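One structure is given here, and the rest of the page talks about it.
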Amino acid sequence: MAEHMRAHHAIYRWSTRAQCLGNLLKVSESAVEKHLALILGQRLATLREARGLTQEEVALAAGISRNHYQLLENGLGVRKTKAPANPRLSTLIALSEVLGTTVPDLVDEMFGRTAS
């Protein structure tokens with residue numbers, strides 16, 4: 001339970017920092033979202049490749065479609081509109097478990113920190 005609460009608070013702090021980042025840099029929220037989605041996608045691909053897994057293997061183990069996973073690795077939520085990825089927390093948890101990491105470590109690089 002304590003780990004769950006730590007993760008919840010960490011995600012809240014990061015989302016607050018992302019909002020501040022957009023405000024401080026006078027960058028549109030959309031541009032910040034796209035940038036963060038691309039970083040998440042790169043992190044997913046790096047972790048997947050380091051474990052020698054295919055996109056299909058990760059998707060199957062995480063309980064999502066291969067197409068959904070491919071979109072996430074490309075930083076996209078919807079291919080047609082090129083909307084940035086905005087995965088559910090449950091998806092991030094499932095992917096973290098498959099890729100042998102935690103949600104905080106999965107998203108750390110989005111905020112300029114090196115994941116452990």
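The values are calculated or read from the model by the stated rules, or taken from the named source; none is laboratory data. These numbers come from a predicted model, not from an experiment. Note that we place each Cβ from the backbone using ideal geometry, even for glycine, and neighbour counts take in every protein chain shown. These area figures cover heavy atoms from the full protein model, side chains too; ligands, DNA and RNA do not enter into them. Shrake-Rupley method; radii C 1.70, N 1.55, O 1.52, S 1.80 Å.
Things worth noting here:
- Flag if residue 38 is aliphatic (A, V, I, L, M), open to solvent by 60 Å² or more (accessible area, probe 1.4 Å), assigned to a helix (DSSP H, G or I) and at pLDDT 60 or above: yes
- Qualifying residue in the stretch 101-116 (condition: outside any helix (DSSP H, G or I), modelled with pLDDT of 95 or more and not polar (S, T, N, Q)): no
- Residue within the stretch 73-93 that is within 12 Å of residue 39 (Cβ to Cβ), in a helix (DSSP H, G or I) and at pLDDT 95 or above present: yes
- Residue match in the stretch 48-69 (condition: modelled with pLDDT under 95, part of a helix (DSSP H, G or I) and among the hydroxyl-bearing types (Ser, Thr, Tyr)): no
- Hits in the stretch 66-112 (condition: in contact with a Gly (Cβ under 6 Å, 6 or more places away or on another chain) and open to solvent by 80 Å² or more (accessible area, probe 1.4 Å)): 74, 86
- Every pair of residues 6+ apart whose Cβ atoms lie under 9 Å, when the first sits in the stretch 37-66 and is within 16 Å of residue 90 (Cβ to Cβ) while the second is open to solvent by less than 20 Å² (accessible area, probe 1.4 Å) and among the β-branched types (Val, Ile, Thr): 40/107; 44/58; 62/91; 63/91; 64/58; 64/91
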